[in-house]
Amino acid sequence: MNFTDVFRLIAPCVPGKHVLDKDAILTPVSLDRLALLSGRDSKVLNMVLPGQDHTPHIPLDPEVPDLRWFITSPRPQIACRKCTLRHGESGSIRIRVRNGQRICQRHLRWINGTQRDLSRESEITAAHIRYRSLLDGPQSLRAVEAVQQAERIAFQWATDHHHTALAERWTARAHEYQVFGLREATGMRLVCFPETVALAEILADPQWRRHVAMALDLDLGLFYEHVADKVGATLTDDGDLRSHDPLARWVEMFRGRHQDRRRTYWANHGLGGLYDNPLPHSCHFA
């Protein structure tokens, strides 16, 4: 019996491969049917199935067999192939990893798409340690946002070839890892990963966020110099950068969010020394 037949026995639905990365919310009647098919207690299933903790947007009738699909976060991804075989499974298994883990710690394989063996790639594994440390830190929500922003910036850097040093490094890495086509997202995540993590660490840093939000325009060069040093690129705060570079657009967006606070601070700055008019605490720059 394939998975589509199983779903149709649980509740009337039209399942297909499009549901494999989703979870389901089941009514009690559907849950009882699943318990009968699986040989598991319905109370246990109700506790372990992630969908049972969610409320559907459209209420379900508890008296009839029904279910609702929904997109989960984080989305499931293919498990490490070696781990799968170790448990005697021949097919692919989807797992939901904690905090976006991208490397199997046991086998040092990149599980975010390519299944590449990274046991000899110290640059990637070292970046992953910093990545996990960033996401497991006290500012985890901010870190998740910073990783997403850094990934978008790195992807655009890779596709636009705006920074020659980065483009050459990523092209060489793509050939080494046999990732062909830098526009393919799963391959790009691996190729750009060390620089993405380095940039995310800066974008999540409370002190640098405060600097970007509050600095005078002429002092923004310090931020670009720091990013350039960490990611190994040449970045300059000039008109060409501001009009084309995704990092400069992020700076513009972030400064716009704190424009009133910055103007008020600098308007009052001449009334006293720094001790009389200190910068706002870094916690204010979410």
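The values are calculated or read from the model by the stated rules, or taken from the named source; none is laboratory data. Keep in mind the model is a prediction, meaning the values are calculated, not measured. Don't worry about glycine lacking a Cβ; one is built from the backbone with ideal geometry, like all the others, and counts go over all protein chains shown.
Remarks
- Unmet criterion (only one of (1) among the hydrophobic types (A, V, I, L, M, F, W, C); (2) at pLDDT below 75; (3) exposed (fewer than 12 other Cβ atoms within 10 Å of the Cβ)) for V6: (3)
- The set of residues from the stretch 77-112 being out of contact with any Leu (no Cβ under 7 Å at 6 or more places or on another chain) and part of a helix (DSSP H, G or I) comprises R81, K82, C83, T84, L85, R86, R98.
- Among the residues listed as A158, A150, A126, the single one being surrounded by fewer than 15 Cβ atoms within 10 Å (Cβ to Cβ) and out of contact with any Gly (no Cβ under 7 Å at 6 or more places or on another chain): A126
- From the list A200, A185, the lone residue that is out of contact with any His (no Cβ under 9 Å at 6 or more places or on another chain) and surrounded by fewer than 20 Cβ atoms within 10 Å (Cβ to Cβ) is A185.
- Selection status of Q101, surrounded by fewer than 20 Cβ atoms within 10 Å (Cβ to Cβ), without any contact (Cβ under 8 Å) to a residue 60 or more places away in the chain and either within 16 Å of V179 (Cβ to Cβ) or not assigned by TED's automatic domain parsing to the domain that holds G187 (or both): no
- Looking only at residues of the stretch 161-182 that are without any contact (Cβ under 8 Å) to a residue 40 or more places away in the chain and small (G, A, S), we find that the one that is surrounded by the fewest Cβ atoms within 10 Å (Cβ to Cβ) is G181.
- L85 passes every criterion in (1) under 30 Å from R109 (Cα atoms); (2) under 26 Å from the mean Cα position of the chain (by Cα) apart from (2).
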